[in-house]
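Where a number appears in this text, it was derived from the coordinates with a stated rule and is not lab data. In this text, all values refer to a predicted model and were calculated from it rather than measured experimentally. Using ideal geometry, Cβ is built from the backbone for each residue, glycine included, and neighbour counts are taken over all protein chains shown.
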Amino acid sequence: MSYKRPSNEKLDEALVNVLLRCQTIESQSELVRLVVKELEKDGETYRISGNRIRRYALENKMISIEIEYRESRNKKVPEVCPICGHDLTSIRNSTLDGDTIELMRKCRTCGYVASARGSIPRRYVFVRRTRGISL
């Protein structure tokens with residue numbers, strides 16, 4: 001069975017329709033399921049990753065994301081946001097000795113926070129932004 005990769009225009013249309021029906025989507029897998037269902041209404045079979053949908057919706061300011069974290073064994077703090085792909089900004093603090101230390105890194109685009117304790121995203125909750133979608 002062959003499938004298509006949706007264009008950005010098709011993805012935009014499907015996302016708008018999904019977000020008009022659902023203000024809050026509780027997981028990325030649910031978002032993917034709803035978007036694919038919307039895309040396939042025209043009879044075509046589409047494949048699209050949750051990563052692409054999430055990044056597209058964030059870049060176009062259609063959604064905001066609430067992130068639930070879990071601890072990771074890997075204590076290395078990433079340079080690039082794993083959610084949206086933008087650079088992380090270092091949040092620093094002064095010590096009593098006068099030195100500065102990095103407390104965490106934060107993404108200015110989506111709000112992801114990477115701390116030294118090694119937290120990684122466990123679950124996303126997507127909330128529709130009213131400005132990004134014409135009602």
* Asked: At q = 0.14, 0.18, 0.20 Å⁻¹, what is the log10 ratio I(q)/I(0) for the chain, with the Debye formula run over Cα points and no solvent?
  -> -0.70, -0.99, -1.13
* To do: Counting only C-alpha contacts under 8 Å and six or more residues apart, can you give the relative contact order of the chain as a whole percent?
  => 30
* If you look for lysine pairs in segment 8-128 that are eight or more places apart or on different chains, how many of them have Cα atoms under 29 Å apart? -> 8
* Asked: Residues with beta-carbon under 10 Å from that of GLY118, excluding GLY118: net charge, scoring Lys, Arg +1 and Asp, Glu -1?
  -> +4
* Structure fact -> Candidate cut points under chymotrypsin sites (Phe, Trp or Tyr not before Pro) in segment 1-70, DSSP loop plus at most 13 other Cβ atoms within 10 Å of their own Cβ, are TYR3
* Structure fact -> In debye to the nearest 20, the charge dipole size for the chain, taken about the Cα centre with +1 at each Lys and Arg Cβ and -1 at each Asp and Glu Cβ, equals 180
* To do: Compute the longest continuous run of the chain that contains no exposed GluC sites (Glu not before Pro); treat a site as exposed when its DSSP state is not H, G, I, E or B and it has at most 13 other Cβ atoms within 10 Å.
  => 80-135
* **Cleavage-rule hits, trypsin sites (Lys or Arg not before Pro), segment 34-68, DSSP coil, Cβ neighbours within 10 Å at most 15** => ARG47, LYS61
* Structure fact -> Residues of segment 48-79 with backbone N under 13 Å of the label point set 7 Å from the Cα of GLU30 along Cα→Cβ are 66
* Structure fact -> Summed over the other residues with a beta carbon less than 13 angstrom from that of GLN28, with K and R at +1 and D and E at -1, the charge totals +2
